[in-house]
Amino acid sequence: MIRIWMVIFALGVFITGVAGQQHCDITSHYKEFIHITHYEQGKRKFLSKRISKVEGQHCFTDLINDNPQYIYYLLSGFTSEDNYSTLLEITDSKLLTDSYLADISKDAQFNSIMQSLVDKTILHTQPRDSVSMETLLNVAVKFFSVVRIADDGKLVGKVCAGLYDVKRTLAQRAPFLEAFAYTAIMDNYDNENYNMKLEFDKVLQQLNAVELGNDAAEKLFRAQGAGFMLMYNIDALRKVLKQEFLKHKAFLPFVLKD
């Protein structure tokens, strides 16, 4: 009889635990990890967003604390900036924070992305996406940009310089893949094992060895396309993406197919 009651009790605890994990409202708790301030560069003022460590135990604590740069990319790349100029005029830090949090709490796109992230990684009420390495590489190479031609005629590039190439080349934005690729590249920007900056420098050397055109605009256009293809075929980039996926897969909303 005692064993029966122990089984019933254990089953009750299990069911309660499962039921308790059917709700995780991250969109009402942005204040726990999203912060904003002003900063000045020259005579211009800008907004600086930051993802902080979550203090205390919430259903999303480990998700945020394990992936701050990933969350930062989603915040920076998929929130509306309609009120940017208005926020710049707010001098009181608390009012600025409250105003910004009020704005993003009503941002349908960002809220949908964040809740989907929770649903796929914490609640498991949505299946994780299945993604091929080829699909991931197609996104990752867009973070290696040929940005200008120097006075000596050489091509100049930057790694993770912004979203310009991502926005103008992807037919459909991929928030989770973009955030992952950006984070993986930045975490291996100049590491001892994998150095993405050095790999891109080698690509730029190859591009500079070829005459790509006399017209500057045409030269940049051809160089960027060629740069994407060269980075796509670099084995080190594949290894970085696979390594970072395995390291963070518990809180990634997709599965990387072999």
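The values are calculated or read from the model by the stated rules, or taken from the named source; none is laboratory data. Fair warning: this is a prediction, and the values are worked out from it, not measured in the lab. Neighbour counts are summed over all protein chains in view; Cβ atoms, including those assigned to glycine, are modelled from backbone coordinates with ideal geometry.
Search the stretch 48-57 for residues being part of a loop (DSSP other than H, G, I, E, B) and modelled with pLDDT of 95 or more, and hand back the single one that is nearest to Thr97 (Cα to Cα). Filtering the stretch 48-57 for residues that are part of a loop (DSSP other than H, G, I, E, B) and modelled with pLDDT of 95 or more, the one nearest to Thr97 (Cα to Cα) comes out as Ser52.
When the stretch 213-228 is limited to residues that are surrounded by fewer than 18 Cβ atoms within 10 Å (Cβ to Cβ) and touching a helix residue (DSSP H, G or I) at 6+ places or on another chain (Cβ under 8 Å), the one that is modelled with the lowest pLDDT turns out to be Gly213. Please indicate, with yes or no, whether at least one residue in the stretch 158-174 is outside the structural domain of Phe60 (by TED's automatic domain parsing), among the aliphatic types (A, V, I, L, M), under 21 Å from Tyr72 (Cα atoms) and surrounded by fewer than 16 Cβ atoms within 10 Å (Cβ to Cβ). Yes, the stretch 158-174 contains at least one residue that is outside the structural domain of Phe60 (by TED's automatic domain parsing), among the aliphatic types (A, V, I, L, M), under 21 Å from Tyr72 (Cα atoms) and surrounded by fewer than 16 Cβ atoms within 10 Å (Cβ to Cβ). Looking at the stretch 103-114, can you tell me whether even one residue there is of a type in the set (Phe, Trp, Tyr) and more than 18 Å from Glu178 (Cβ to Cβ)? Scanning the stretch 103-114, I find no residue that is of a type in the set (Phe, Trp, Tyr) and more than 18 Å from Glu178 (Cβ to Cβ), so the answer is no.
A residue that is of a type in the set (Ser, Thr, Tyr), touching a residue at least 24 places away in the same chain (Cβ under 8 Å) and closer than 19 Å to Pro253 by Cα cannot be found anywhere in the stretch 86-98. Among the residues of the stretch 128-151, those identified as under 23 Å from Gln243 (Cα atoms), surrounded by fewer than 17 Cβ atoms within 10 Å (Cβ to Cβ) and touching a residue at least 40 places away in the same chain (Cβ under 8 Å) are Arg128, Asp129, Ser130, Ser132, Met133, Thr135. For Phe46, state whether it is exposed (fewer than 13 other Cβ atoms within 10 Å of the Cβ) and closer than 22 Å to Asp107 by Cα. When the stated conditions are applied, Phe46 passes them. What are the residues in the stretch 212-233 that are in contact (Cβ under 8 Å) with a residue 40 or more places away in the chain and among the charged types (D, E, K, R), if any? Selection gives Lys219 alone. Considering the stretch 97-120, the residues that are charged (D, E, K, R) and more than 20 Å from Thr61 (Cβ to Cβ) include one that is surrounded by the most Cβ atoms within 10 Å (Cβ to Cβ), namely Asp103.
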